[in-house]
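All remarks here apply to the structure that follows.
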Amino acid sequence: MDSLNSEGACTFAMLGWSLWKACNLLIFEGKLLYELEIVHHALRYLSEFQNAAYNRVKKDKPKEHRTSWRKPPSGPANSILMLLSLTAKLWALALSFGTPTGW
C-alpha cells in the first residue's frame, strides 16, 4: 500500500467500493454486474468525485478533518460492521494520499 500514489490509492478505494456495491446488487436485487461494468462504474464514480471535490476546493478553504476508529461490538452484525469499518478505513487511507478535497 505504501507504493501507491494518491491516484492509485483513490482508484483502489473506488474499486473496492464498486465491488461491495456489486455484491449488494447481486444479493438484494439479483442483478449481476460483469467485471468490466464494475471497473467502468468505479472509474466513472471516481471521476465524478474528483471533479466535485476539485470544484469544492476552488470555492472553500480546505478544512482539517480528523477521523478515528473504534472496534465494533461483537455479535451477529459484527461481519457487516467490520465490512463498513474496512470501507471507512480504505476511504480514510485514500483521502490521506492527498485528494483535492483538502482533507
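Give the number of residues within segment 7-40 that are farther than 22 Å from Asn51 by Cβ and touching a residue at least 12 places away in the same chain (Cβ under 8 Å).
3
Considering segment 27-48 alone, what residues qualify as being within 14 Å of Trp91 (Cα to Cα) and surrounded by fewer than 16 Cβ atoms within 10 Å (Cβ to Cβ)?
Matches in segment 27-48: Tyr45 only.
Looking only at segment 13-26, which residues are surrounded by fewer than 17 Cβ atoms within 10 Å (Cβ to Cβ), under 18 Å from Thr87 (Cα atoms) and either hydrophobic (A, V, I, L, M, F, W, C) or in contact with a Leu (Cβ under 8 Å, 6 or more places away or on another chain) (or both)?
Gly16, Leu19, Trp20, Cys23, Leu25
Read-outs: derived from the displayed coordinates by stated rules, not from any lab. Bear in mind that the values here come from a model prediction, so they are computed numbers and not experimental data. All Cβ positions, even for glycine, are placed from backbone atoms using ideal geometry, and neighbour counts span all protein chains on display.
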